[in-house]
Amino acid sequence: MTAENMSAERRRAAGRPANAAGRSANGVAKSMNASSRSTKKATGVDVTRHLTYKLVALTNSLSRSAARDFAAEIDLTVPEWRVLATLGSRGEMSLAALTRVLAVDKGWISRVVVRLEARGLVSRTPDPADERLFALALTRAGAELHLKGSAVSTLRQKNLEAALSKPELALLNTALEKLLTCAEQMETQPIGGMSK
């Protein structure tokens with residue numbers, strides 16, 4: 001073999017591993033890209049990491065313990081206690097006003113009021129100017145039960161707040177006010193509208 005042929009053979013031999021390595025590297029890169037695309041397609045949202053999920057979970061947990069405590073201590077459901085407590089703390093008010101304060105359906109409020117009336121805890125007084133309207137107020141028995149229920153509610157509040165330091169509690173209250181404002185805006189705007 002001439003020197004020229006040997007030189008050509010060495011160049012071909014030297015080139016083969018490099019080309020093979022290049023093809024191998026390209027193959028690995030393509031495989032990784034394909035795997036990445038496959039992973040992205042298969043990955044969805046884990047709602048348990050969302051703030052909304054945590055807030056709902058907290059609310060549900062507190063509602064369950066409240067239902068147990070108020071049933072055991074004052075023989076009221078949570079909705080009944082909320083109506084009783086609102087009338088007890090704010091005084092006489094119309095059904096419409098009560099609905100606005102509690103931010104719930106009017107039919108829901110009406111059913112709760114009927115149950116409280118049947119137990120002699122709430123009374124209604126017709127409006128002299130319009131018989132279709134009436135004012136709701138606690139009876140003496142309702143007022144007494146409100147005081148007893150207030151002690152239960154206050155204790156529950158203290159137990160919950162004890163989980164946080166004073167700075168944490170202040171920060172949480174500020175954050176919740178901001179979230180409430182944002183949530184109210186989200187009710188009136190379509191998704192995506194908040195970011196524009």
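Among the residues of region 136-164, write down those that are among the small types (Gly, Ala, Ser), free of Cβ contacts under 8 Å to residues at least 60 places away in the same chain and under 28 Å from Val114 (Cα atoms).
Here is the first cut: in region 136-164, the ones among the small types (Gly, Ala, Ser) are 137, 141-143, 149-151, 153, 162-163.
Restricting the remaining residues to those that are free of Cβ contacts under 8 Å to residues at least 60 places away in the same chain gives 137, 141-143, 151, 162-163.
Listed by number, the residues that qualify are Ala137, Ala141, Gly142, Ala143, Ala151.
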Worksheet item: What do you reckon, is Ala143 over 30 Å from the mean Cα position of the chain (by Cα) and part of a strand (DSSP E or B)?
Response: no
Worksheet entry | Residue list for region 161-196, restricted to those being at pLDDT below 95, under 21 Å from Tyr53 (Cα atoms) and not in a helix (DSSP H, G or I) | Gln189, Pro190, Ile191, Gly192
Discussion item. Go through region 107-132 and report how many residues are in a strand (DSSP E or B) and open to solvent by 70 Å² or more (accessible area, probe 1.4 Å).
Written reply: 5
Discussion item. Return the residues of region 133-142 that are surrounded by 15 or more Cβ atoms within 10 Å (Cβ to Cβ) and under 16 Å from Trp81 (Cα atoms); say none if nothing qualifies.
Written reply: Leu136, Ala137, Leu138, Thr139, Gly142
Worksheet item: What are the residues in region 90-106 that are in a helix (DSSP H, G or I) and within 19 Å of the chain's Cα centre (by Cα), if any?
Response: Leu102
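Just to check your reading of the model, which residue among Leu76, Leu87 is open to solvent by less than 60 Å² (accessible area, probe 1.4 Å), modelled with pLDDT of 55 or more and not in a helix (DSSP H, G or I)? Show your work before the answer.
Numbers: Leu87 fails: not in a helix (DSSP H, G or I).
Sole residue among the options that is open to solvent by less than 60 Å² (accessible area, probe 1.4 Å), modelled with pLDDT of 55 or more and not in a helix (DSSP H, G or I): Leu76.
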Worksheet item: Residues of region 117-134 being within 33 Å of the chain's Cα centre (by Cα) and closer than 16 Å to Ala97 by Cβ, which ones?
Response: Val122
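The values are calculated or read from the model by the stated rules, or taken from the named source; none is laboratory data. Values in this document were obtained by computation on a predicted structure and should not be read as measured data. Heads up, the Cβs are rebuilt from the backbone with ideal geometry, glycines too, and the neighbour counts pull from every protein chain shown. Note: areas computed on protein heavy atoms with side chains; ligands, DNA, RNA excluded. Shrake-Rupley method; radii C 1.70, N 1.55, O 1.52, S 1.80 Å.
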